[in-house]
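A.B. asks: Take a look at this one; I'll ask things after.
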Amino acid sequence: MKHFFTTRTIAGLGMLTAMVVALQLLSNYVQFGPVSITLALFPIAVGAMLFGPLAGLFLGLVCGAMVLLAPSTISVFFAVNPAGTIIVCLSKTGLAGFIAGVIYKLLQEKNYKIGIVLASLSVPLINTGLFAVAGLTVFRSILVGSVEGTDISIPYMLFVIWIGWNFFIEFGLNAAIAPAIFTSYRYIEKKVEGQEL
């Protein structure tokens, strides 16, 4: 814990937190279906890899708090189940960030490239997976109400209409951007450390 509160970590987390907030505010205006996309997943992955699981958890909780404030969250989910919405929003991104940090930490010595890829991809997978579980349990009444009087099944509504394109875009962004930012940061960091100040 002593090594967590360094100037490097605090400055890095400050920049990544600002990025999470800005990207998640932008996400309120990007929707494919009834659920807003989560554009702030790649900074969570980068923070988890650079600064560890606790940093991933912190950034995930910040993202979850921003999701809670989104108009679609308040009008659709919070209106039906306030406590469930708070728990789901905070836990899905918080756990995603924490687990990404654990994955990278476990693999960084053995094969850091695989660690980077798996940690980056784990964030959208865990985030979406936990949202899907919540959709089938905590928010099932919303799903049932959405399909009443239609020929659409609950799984189709959840996985195609609610999650659908959002997941593929989130997954693609994390697959491309998180490893690139992390690798660039590490490269610059090594160059700066190699120079005499």
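A.B. asks: Can you tell me how segment 25-84 classifies by the Cα gyration tensor, rounded, prolate or oblate, using a/c under 1.5 as the rounded cut? Show your work: numbers first, answer last.
C.D. replies: Numbers: a/c = 3.37, a/b = 1.72, b/c = 1.95.
It is oblate, given that a/c is not under 1.5 and a/b is not larger than b/c.
A.B. asks: Given a 1.4 Å probe and every protein chain left where it sits, what share in percent of the accessible area of segment 78-197 is carbon and sulfur? Don't jump to the answer; show the numbers that get you there.
C.D. replies: Working: 4720 of 6800 Å².
Heavy-atom surface of segment 78-197 belonging to carbon and sulfur, 1.4 Å probe: 69 percent.
A.B. asks: Taking the Cβ of Val35 as the centre, find all other residues whose Cβ is under 14 Å away and add up their charges (Lys, Arg: +1; Asp, Glu: -1).
C.D. replies: Values: positive: Lys92; negative: Glu170.
Value of the local net charge: 0.
A.B. asks: Taking +1 at the Cβ of each Lys and Arg and -1 at the Cβ of each Asp and Glu, which of Met157, Ile177, Ala100 sits farthest along the dipole of segment 87-181 towards its positive end, judged by Cα position relative to the Cα centre?
C.D. replies: Ala100
A.B. asks: Lys and Arg at +1, Asp and Glu at -1: add these up for the other residues within a Cβ distance under 13 Å of Gly115 and post the number. Write out the running numbers ahead of the final one.
C.D. replies: Values: positive: Lys105, Lys110, Lys113, Arg186; negative: Glu109.
Summing Lys/Arg as +1 and Asp/Glu as -1 gives +3.
A.B. asks: Give the value in nm², to one decimal: projected area of the alpha carbon convex hull of segment 1-141, averaged over all directions. Let's see the in-between values first.
C.D. replies: Values: hull surface 34.2 nm².
Projected area, direction-averaged: 8.6 nm².
A.B. asks: Can you tell me the length gained on complete extension of the stretch Glu189 to Glu109, counting 0.36 nm per residue apart and subtracting the Cα distance?
C.D. replies: Details: separation 80, 0.36 × 80 = 28.80 nm, distance 1.82 nm.
Additional length available on full extension: 27.0 nm.
A.B. asks: With charges set only on the Cβ (+1 for Lys and Arg, -1 for Asp and Glu), what does the dipole of the chain come to about its Cα centre, in debye to the nearest 20? Could the numbers behind the result be given before it?
C.D. replies: Values: 10 positive and 7 negative charges, 101 e Å.
Its charge dipole is roughly 480 debye.
A.B. asks: Still on this structure: Return the distance in nm (one decimal) between the two label points of a simple spin-label model at Ala175 and Arg140, each offset 7 Å from Cα along Cα→Cβ.
C.D. replies: 3.3
A.B. asks: Hey, another quick one. Sum up the lysine pairs in the chain that clear both bars: alpha-carbon distance under 24 Å and a spacing of 8 or more or different chains.
C.D. replies: Within the chain, the lysine pair count is 10.
A.B. asks: So, one more: Distance between Cα centroids, segment 99-139 to segment 51-68: provide it in whole Å.
C.D. replies: 13
A.B. asks: Okay, moving on. Would segment 119-173 count as rounded, prolate or oblate if I go by the C-alpha gyration tensor, calling it rounded below 1.5 in a/c and otherwise prolate when a/b exceeds b/c, oblate otherwise?
C.D. replies: Working: a/c = 4.07, a/b = 1.93, b/c = 2.11.
It comes out oblate by the Cα gyration axes.
A.B. asks: Checking the a/c ratio against 1.5 first, then a/b against b/c, what shape does the Cα gyration tensor give for segment 71-134? Let's see the in-between values first.
C.D. replies: Numbers: a/c = 4.15, a/b = 3.31, b/c = 1.25.
Cα axes put segment 71-134 in the prolate bin.
A.B. asks: Give me the percent relative contact order of segment 1-115, please, defined on Cα pairs under 8 angstrom at least 6 residues apart.
C.D. replies: Working: 156 pairs, mean separation 30.4, N = 115.
Value for segment 1-115: 26 percent.
A.B. asks: Continuing with this model, one more query. Within segment 1-93, which chymotrypsin sites (Phe, Trp or Tyr not before Pro) sit in a loop by DSSP and count at most 13 neighbouring Cβ atoms inside 10 Å? Don't jump to the answer; show the numbers that get you there.
C.D. replies: Numbers: sites: Phe4, Phe5, Tyr29, Phe32, Phe51, Phe58, Phe77, Phe78; in loops: Phe4, Phe5, Tyr29, Phe32.
Those satisfying the criteria are Phe4, Phe5, Tyr29.
The values are calculated or read from the model by the stated rules, or taken from the named source; none is laboratory data. These figures come from a predicted structure and were not determined experimentally. We place every Cβ from the backbone using ideal geometry, glycine too, and count neighbours over all the protein chains shown. Just the protein is used for accessible areas: all its heavy atoms, side chains included, with ligands, DNA and RNA removed. Shrake-Rupley method; radii C 1.70, N 1.55, O 1.52, S 1.80 Å.
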